[in-house]
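Worksheet: one structure, shown below.
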Amino acid sequence: MPGVSCLQIARGLGIASLLFMLEFASGQPQQSSDQQLTRFHDHSLLVAPEYPCTWPSYPFPRFQITHQREIGPHSAYNVDVLLIDGNTGTQMDVPPHSVARPELKREKSGPFGLAYTDKIEPWQFGGEACVVDVRDLLDKAPNGVSPLVTSEHVLRFERAHRKVRYGDAVLFRSDYSDTYYKPLPAGSRYIADVLDLKAPGYPDPDPDCMEFLGQRGVRVLGTDSASMGPLPDLAESSHYAGLKYGMIWTESATNLKALPPTGAFYCLLSPKFENGPYSEARAFSVTGGELPARLIEACKQKRAIDLSPTLSQGAPLTSPGHTTGDHRQVYLKVDFLYSAYLDMWHHAHMMDAAAGTHLVPPSYALPAPGKPDSYSPEVQSWLMEYENQFGPRGTSAMTTEQVPIDWTCGILRVIDVKSLVGSTRSEAWPASPEITKTFIQADEQAHGAIQPGQIVVFQTGHIDIHLCLQPNDTGVWADPLKGKSEGWPAPGPEAISYLKSKGIRCVATDAPDLGGVDPKRALMTYWALGSQEMVGVEFLNNLQAVPAGKAVYFLFAALKVKDCHAGPGRAIALVLEP
């Protein structure tokens, strides 16, 4: 990199990233305890119909995944639809779950009654994990009753380690989910048997413990129990005792045994649902090396940027299709239970798995191993052309839950492609300006070489400009697909192959998708991604808020849904330096 020293790179990227870059360039392993120790850990339960992933009481809806289209004569892609409630799998609670809106003027009203999932500031999603060991409480109560985590358990942690404080994510580890989250019928022990008074309840903090933590300044909690509310009659009082302080927390975490008592970076990311009082989510942590401390400090100093638009009914969050009848499932908010005190409907979500900010795994466009090609004649001709130019398309069984979280997290590299907007001729529409290998190389000449492991994001500005509610919702998808306006800039397969040669495994965009509006070119781009075992993150926004010239870390995680060929999630960016 002309004019930039290795020391400057190290300050910007961190020693681990620098050594990864050197290893890739030289082909020789670089010995570094920092690099060797840094690990990502998944703390999320697998969401699948055969698991006890939803609250089992009436009228909470059961989780459903519908494989609406499969690769074959009628579709070049695997397309899934989800019916999912916010109380599914690993989940996030926010204050409006128990805090009433201020205008209701009720005893539990307060300003945090408006702190929905789409309003929580992104810095609050992360913090330093403080793992409070309460394994001695597991099953130590009568059937249907929760053993209580008290302030004494936190004080016990503090005597052994340090005081908890603002910036911490206090996690209660009982190993409950590790022990009892199993496929049904054995999985009934997780929640249903407790509610039916057949088994002891899950350990949970009592209201006094919540008050203690709130006064300590803690704003992020987590538990590997099924809920943060003790049974049979302290659930609401414990919830309110913490949520009134503006806390958010994880319910149904797992694998907390992977964490040291302190020092790890813990993060919980959920889709950005409009006015959501809780949400299905993905929890993970980072241990070892220098990275956790830098991520923790960025959250403490509130150096965080939200990169996901809000999921709102009536917004163009999924494709209307190239032809009639080819549209994806629109995002729907499904009300199912009314809370009179909160004047709020509990709701589930019905949506395409690629609604809003989402993951594109290899299996989205690649057939499973052993499955014969059964494309339409037109797509068969495209495949022949692709393979003649780029080699075998390949196959993949890598669905969303199999994509490692560290694939979608890393130093952010924004490539501004807004200069391509307006470069196509209207008589050629529908067409998208293509982001070429040459364009990417020009960006490298101007801003330095792309480094292995970075998250490369193409900044088109498309979502920021065009995302509107009905009836003014045609600018994102409909007009470009119909040729009424230019499509968004999108990379071709050559650009994807070039990025792979640079050590990139995740490519992202603030456009609706990485394919663009030409179906043939789009499919070739997805074939290139999948065949090289790369993943995509699509439908970002707000990239203009990312500061230039600073080390910025991209964090994205999709819902851990079994056998899903896409995955809704949340993307944020943490600025690693002041």
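Points to keep in mind about this one:
- Count - residues of the range 45-81 that are free of Cβ contacts under 8 Å to residues at least 60 places away in the same chain, outside any strand (DSSP E or B) and surrounded by fewer than 16 Cβ atoms within 10 Å (Cβ to Cβ): 3
- Of all residues in the range 210-230, those that are at positive phi and surrounded by fewer than 24 Cβ atoms within 10 Å (Cβ to Cβ) have Cβ atoms under 7 Å from Cβ atoms of residues that are at pLDDT 95 or above and among the charged types (D, E, K, R), 6 or more apart or on another chain, in Gly217/Arg165.
- In the range 323-338, the residues that are closer than 25 Å to Asn275 by Cβ and either outside any loop (DSSP other than H, G, I, E, B) or among the small types (Gly, Ala, Ser) (or both): Leu332, Lys333, Val334, Asp335, Phe336, Leu337, Tyr338
- Test result for Gly453, out of contact with any Ser or Thr (no Cβ under 7 Å at 6 or more places or on another chain) and part of a loop (DSSP other than H, G, I, E, B): no
- In the range 50-75, the residues that are of a type outside the set (D, E, K, R) and out of contact with any strand residue (DSSP E or B) (no Cβ under 7 Å at 6 or more places or on another chain): Tyr51, Pro52, Trp55, Pro56, Ser57, Tyr58, Ile71, Gly72, Pro73, His74
- Applying the set (1) assigned by TED's automatic domain parsing to the domain that holds Arg521; (2) over 17 Å from Ser531 (Cα atoms) to Val403 leaves exactly one unmet item: (2).
- Verdict on Pro361 being exposed (fewer than 15 other Cβ atoms within 10 Å of the Cβ) and touching a residue at least 24 places away in the same chain (Cβ under 8 Å): no
- Flag for Ser319 being among the polar types (S, T, N, Q), touching a helix residue (DSSP H, G or I) at 6+ places or on another chain (Cβ under 8 Å) and outside any helix (DSSP H, G or I): yes
- Some residue of the range 421-433 being outside any helix (DSSP H, G or I), of a type in the set (A, V, I, L, M), buried (at least 19 other Cβ atoms within 10 Å of the Cβ) and within 26 Å of the chain's Cα centre (by Cα): no
- In this structure, Thr254 does not satisfy being within 28 Å of Ala293 (Cβ to Cβ), surrounded by fewer than 24 Cβ atoms within 10 Å (Cβ to Cβ) and touching a Lys or Arg at 6+ places or on another chain (Cβ under 9 Å).
- When the range 272-312 is limited to residues that are closer than 16 Å to Arg570 by Cβ, out of contact with any helix residue (DSSP H, G or I) (no Cβ under 8 Å at 6 or more places or on another chain) and hydrophobic (A, V, I, L, M, F, W, C), the one that is surrounded by the most Cβ atoms within 10 Å (Cβ to Cβ) turns out to be Ala283.
- For the range 119-159, the tally of residues that are of a type outside the set (A, V, I, L, M), buried (at least 17 other Cβ atoms within 10 Å of the Cβ) and closer than 30 Å to Asp306 by Cα stands at 8.
- Within the range 226-245, the set of residues being of a type in the set (A, V, I, L, M) and out of contact with any helix residue (DSSP H, G or I) (no Cβ under 9 Å at 6 or more places or on another chain) comprises just one member, Ala235.
- Any hit, the range 99-107, residues being modelled with pLDDT under 95 and either surrounded by fewer than 17 Cβ atoms within 10 Å (Cβ to Cβ) or in a helix (DSSP H, G or I) (or both): no
- Filter result for Arg162 (closer than 20 Å to Ser285 by Cβ, at pLDDT 95 or above and surrounded by fewer than 19 Cβ atoms within 10 Å (Cβ to Cβ)): yes
- Checking the range 211-220 against the condition returns no match, with no residue being more than 23 Å from Gly113 (Cβ to Cβ) and among the hydrophobic types (A, V, I, L, M, F, W, C).
- Note on the range 109-126: residues that are farther than 16 Å from Lys244 by Cβ and among the hydroxyl-bearing types (Ser, Thr, Tyr) amount to 1.
- So Gly503, is it out of contact with any Ser or Thr (no Cβ under 6 Å at 6 or more places or on another chain), under 29 Å from Ala397 (Cα atoms) and assigned to a loop (DSSP other than H, G, I, E, B): yes
- Of all the residues in the range 350-379, those that are touching an Asp or Glu at 6+ places or on another chain (Cβ under 7 Å) and not in a loop (DSSP other than H, G, I, E, B) number 3.
- Count - residues of the range 178-205 that are within 19 Å of Met228 (Cα to Cα) and in a loop (DSSP other than H, G, I, E, B): 9
- Residues in the range 563-578 that are more than 20 Å from Leu268 (Cβ to Cβ) and not aliphatic (A, V, I, L, M) were compared, and the one that is surrounded by the most Cβ atoms within 10 Å (Cβ to Cβ) is His565.
- Flag for Gly110 being surrounded by 14 or more Cβ atoms within 10 Å (Cβ to Cβ), closer than 21 Å to Thr250 by Cα and of a type in the set (Gly, Ala, Ser): no
- Of the residues making up the range 407-417, not a single one is modelled with pLDDT of 95 or more, among the small types (Gly, Ala, Ser) and part of a loop (DSSP other than H, G, I, E, B).
Okay, residues lined up against (1) under 23 Å from Gly422 (Cβ atoms); (2) part of a helix (DSSP H, G or I); (3) among the charged types (D, E, K, R):
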{"residue": "Lys484", "(1), (2), (3)": "yes, no, yes"}
{"residue": "Gly487", "(1), (2), (3)": "yes, no, no"}
{"residue": "Met524", "(1), (2), (3)": "no, yes, no"}
{"residue": "Pro547", "(1), (2), (3)": "no, no, no"}
{"residue": "Ala557", "(1), (2), (3)": "no, no, no"}
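- Unmet requirement for Asp206, which otherwise passes all of (1) under 26 Å from Lys244 (Cβ atoms); (2) touching a residue at least 60 places away in the same chain (Cβ under 8 Å); (3) surrounded by 18 or more Cβ atoms within 10 Å (Cβ to Cβ): (2)
- Ala298 vs. criteria within 26 Å of Gln544 (Cα to Cα) and touching a residue at least 40 places away in the same chain (Cβ under 8 Å): yes
- Check on Asp443, outside any loop (DSSP other than H, G, I, E, B) and of a type outside the set (Gly, Ala, Ser): yes
The values are calculated or read from the model by the stated rules, or taken from the named source; none is laboratory data. Just so we're clear, the structure is a prediction, and the values are computed from it rather than from any experiment. Backbone-built Cβ (ideal geometry, glycine too); neighbour counts: all protein chains shown.
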